[in-house]
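Notes follow the structure.
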Amino acid sequence: MDSVVILYKITAMNRKTNNNILVPTDFSDVADNALTHAITVAKAYGNEITLLYILEEGILGGLFSGSQSDVMRDAIQTKLETKAKEIAATNNIKVHALVDKGKVYKTIASIANGDNFDSIIMGSNGASGLEQIVGSNASRTIQYAQVPVVVVKQNTATAHGYKKIAMPIDLTIESRQKVEWAIHLGQKFNSEVHVVYTKSSDEYLQRKIALNINLVNHQLKDSGLKHEVFAMEDGLLDNFANEIMNYSNSVKADLILVMTHTEKGISEMIIGTLTQQLVNRSENIPVMCIHPHETGFTYDY
């Protein structure tokens with residue numbers, strides 16, 4: 001099956017399909033979990049997959065020189081090409097292989113942003129030794145990437161799709177972009193959406209919250225998706241990430257949807273660490289981190 005393309009520099013990659021999932025790999029188990037996850041999504045949406053291996057210049061230059069470096073590069077090329085061919089043949093999807101060099105998280109984000117990828121699916125808690133430890137770069141990739149990033153842990157290779165989606169909602173306009181993604185994913189996987197929010201003891205804020213949740217309810221109802229709404233008490237705001245995780249685990253969610261950069265609490269105080277906390281603490285549930293867009297909402301995932 002001639003569906004594998006080997007590329008060595010990002011400048012040689014001229015495809016602008018916007019139908020391509022970028023999957024960084026270091027050949028570790030957790031990277032393979034992310035790949036399994038990506039295959040499930042690619043099959044559902046008719047996506048292509050690009051496997052990406054990044055050679056960090058500092059490591060490559062510090063440990064190897066001359067012919068040794070070339071040998072290592074050739075070995076990685078062969079291994080990645082073989083893996084891509086196996087995935088393509090087994091799953092009947094188009095798979096590309098890309099070898100590049102640079103800072104891992106910056107290179108991943110640059111490729112995804114510059115070549116119109118629609119998403120990144122990557123592992124967290126990567127390998128050790130000479131492998132590239134992709135997982136340690138997940139949180140930094142989220143900060144730089146302009147496309148959604150799905151972070152998959154060691155125990156989160158969801159092969160059956162997203163049957164239950166947990167979605168924390170706040171008062172920001174950007175937060176409501178998650179609803180569009182929940183609908184987009186939910187209609188493909190016949191998902192049940194679980195909306196999580198925090199009540200407020202402040203009467204004015206509570207009215208705003210009620211209006212916001214009512215809007216979300218109408219959007220989900222109009223989409224035809226099953227959904228439930230869970231309200232947390234105001235006093236739990238300081239432990240919002242913990243409560244989201246507890247609730248998500250209790251309903252056996254397959255995905256948690258969060259926004260990057262602009263997550264706020266119901267009191268409209270910025271709690272920018274929420275996304276990071278969820279990514280770090282979610283051992284069994286993939287976390288999808290969506291970069292907010294100021295002008296409209298588009299997706300091709």
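Rule-based calculations on the coordinates, nothing more; no lab input. Keep in mind it's a predicted model, so treat the numbers as computed, not measured. So basically every Cβ, Gly included, is an ideal-geometry build from the backbone, and we count neighbours across all protein chains shown.
Structure data summary
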item	result
Cut-off under 5 Å, modelled amide H: who pairs with Phe230 long-range	Val195, Val196, Tyr197
Residue-by-residue Karplus 3J(HN,Hα) for region 217-224, coefficients 6.51, -1.76, 1.60, Hz, glycine and proline x	4, 5, 4, 5, 5, 5, 6, x
Region 164-290: Cα Rg divided by the 2.2 N^0.38 Å rule of thumb	0.96
Pairwise centroid distance, computed over Cα atoms, of region 79-104 with region 173-200, Å	32
Asn249 paired with Asn116, simple spin-label distance in nm, labels 7 Å along Cα-to-beta-carbon	4.3
For Lys163, residues with placed amide H under 5 Å, excluding near neighbours	Asp254
Interchain or long-range residues, amide H under 5 Å from Thr260's placed H	Ile290, His291
Distance violations [Cα-Cα > 19 Å] among Lys83/Lys164; Lys199/Lys226; Lys94/Lys164; Lys43/Lys153; Lys163/Lys221; Lys43/Lys188	Lys83/Lys164; Lys199/Lys226; Lys94/Lys164; Lys43/Lys153
